[in-house]
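The values are calculated or read from the model by the stated rules, or taken from the named source; none is laboratory data. If you're wondering where the values come from, they're calculated on a predicted model, not measured in any experiment. No Cβ is skipped: glycine too gets one built from the backbone with ideal geometry, and neighbour counts run over all protein chains shown.
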Amino acid sequence: MENTINIFLQSKGGAGKTFCGSLAAQWIISRFPGTLVAYDGDQENDTFAQYPAYNARHINVMKEGSHTVDPKKFDPWMIDLLSHKGNAVIDTGANSFSPILAYLVENDAFGLWKEEGKKVYIHTVVGGGDIYQDTAEG
């Protein structure tokens, strides 16, 4: 596995994105040492960034002193991903799901990543029971 981007997307909070992202990060660390770059996009709970082994960078996209997303704050993250030649794991967080997805689509991130030879994997979590409907739709 080389030059991959693994994005964990789900609009439902508490569905298990961070857990699944941590499994992917652990697998990459054990199988491909030294290739992982990790990002935590959750604006409220930076749980993924708190695992020391992942050395995850928090993607802070909020405007200073506001609860509004600043799309320009995604640019350094995108540049980082484009220049990294290893494997990436991105835990989006429910509160950044829509802004991150909008940024990726509006800026043709998937096309740029493809041009750079990156393989993009979008992972989502579908829960059972009372969260099934929300996770199946999100």
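Numerical summary
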quantity: In the range 53-62, the residues that are of a type outside the set (Ser, Thr, Tyr) and either touching a residue at least 24 places away in the same chain (Cβ under 8 Å) or in a helix (DSSP H, G or I) (or both); calculated: 53, 56, 59, 61
quantity: Condition check for residue 90: outside any helix (DSSP H, G or I), buried (at least 16 other Cβ atoms within 10 Å of the Cβ) and in contact with a Phe, Trp or Tyr (Cβ under 8 Å, 6 or more places away or on another chain); calculated: yes
quantity: Contacts under 8 angstrom Cβ, first residue in the range 63-80 being under 15 Å from residue 92 (Cβ atoms) and modelled with pLDDT of 85 or more, partner surrounded by 14 or more Cβ atoms within 10 Å (Cβ to Cβ) and of a type in the set (Gly, Ala, Ser), 6 or more apart; calculated: 78/109
quantity: Set 81, 112: member being part of a helix (DSSP H, G or I) and crowded, with 18+ Cβ neighbours inside 10 Å; calculated: 81
quantity: Members of the range 23-52 that are part of a helix (DSSP H, G or I), out of contact with any helix residue (DSSP H, G or I) (no Cβ under 6 Å at 6 or more places or on another chain) and either over 17 Å from residue 91 (Cβ atoms) or in contact (Cβ under 8 Å) with a residue 60 or more places away in the chain (or both); calculated: 24, 28, 30, 31
quantity: Subset of the range 32-50 (residues that are surrounded by fewer than 17 Cβ atoms within 10 Å (Cβ to Cβ) and closer than 24 Å to residue 1 by Cα); calculated: 32, 33, 34
